[in-house]
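Step one of this worksheet: look at the structure below.
The values are calculated or read from the model by the stated rules, or taken from the named source; none is laboratory data. What you are looking at is a predicted structure, and each value in this text was computed from that prediction instead of being measured. So basically every Cβ, Gly included, is an ideal-geometry build from the backbone, and we count neighbours across all protein chains shown.
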Amino acid sequence: MTTDAPDPARLDTARLDPSRPAPPLDDIARACVALHVRMTARAVTRAYDEAMRPSGLKITQFVLLSALSTGAWRSVTELADRFALERTSLTRNLQLLVTAGLIEPVECKGRASIYAVTAKGRAAIEAAIPHWRQAQERIEGGLGKDNWNDLRDRLKALRRVARGPI
């Protein structure tokens, strides 16, 4: 019987064998695009969440409410695709906004579902905007306007590359 699983005893021996080169983990940590993008995303999210705490909204909720308030989305799937979110994660976040009374389901044709921002949701957006601006100015100001514009364009390019075939 053949197995693709490595033999744990051989792995331990390989790790202890000084004649075998160690995996270049430091190089991987320094170069890994996913690691650095995720670290940056978490840091930026924390900065916005902290600034927005007085509003009662997290940045993810604020962005979803803002997007839904435009009325431009024909379905949850379209919204998920546009914001590069897993549909199940988006649905879970939308349900939290429904429970909070910030959005409500809108009747649609077929199986598509979409939501509209309630009056309470619009008030929450308005109350959160000054806090969002504070975080935006802090991050953008720290980078400089030109650097932020350049970085935003590079992030868009990175998303295009990531969506392409591997």
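Just to check your reading of the model, which residue among 65, 79 is surrounded by 10 or more Cβ atoms within 10 Å (Cβ to Cβ), at pLDDT 95 or above, aliphatic (A, V, I, L, M) and within 26 Å of residue 118 (Cβ to Cβ)? Even if it seems obvious, please write down each step before you answer.
Working: 79 fails: at pLDDT 95 or above.
When all the criteria are applied, what remains is 65.
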(request) Report, by residue number, each residue of segment 96-115 that is exposed (fewer than 13 other Cβ atoms within 10 Å of the Cβ) and within 16 Å of residue 62 (Cα to Cα). (result) 99, 101
(request) Those residues that are under 29 Å from residue 162 (Cα atoms) and among the polar types (S, T, N, Q), I need them from segment 69-116; list them, please. (result) 69, 70, 75, 77, 88, 89, 91, 93, 95, 113
(request) Could you pull out the residue among 159, 154, 122 that is at pLDDT 95 or above and under 16 Å from residue 41 (Cβ atoms)? (result) 154
(message) For segment 125-142, check the following and say yes or no: at least one residue is of a type outside the set (A, V, I, L, M, F, W, C), at pLDDT below 95 and either part of a helix (DSSP H, G or I) or buried (at least 16 other Cβ atoms within 10 Å of the Cβ) (or both).
(response) no
(request) Could you grab me the full set of residues in segment 44-91 that are over 22 Å from residue 159 (Cα atoms), free of Cβ contacts under 8 Å to residues at least 60 places away in the same chain and among the small types (Gly, Ala, Ser)? (result) 69, 71
(request) Please work out if residue 57 is among the hydrophobic types (A, V, I, L, M, F, W, C), assigned to a helix (DSSP H, G or I) and either at pLDDT 95 or above or surrounded by fewer than 17 Cβ atoms within 10 Å (Cβ to Cβ) (or both). (result) no
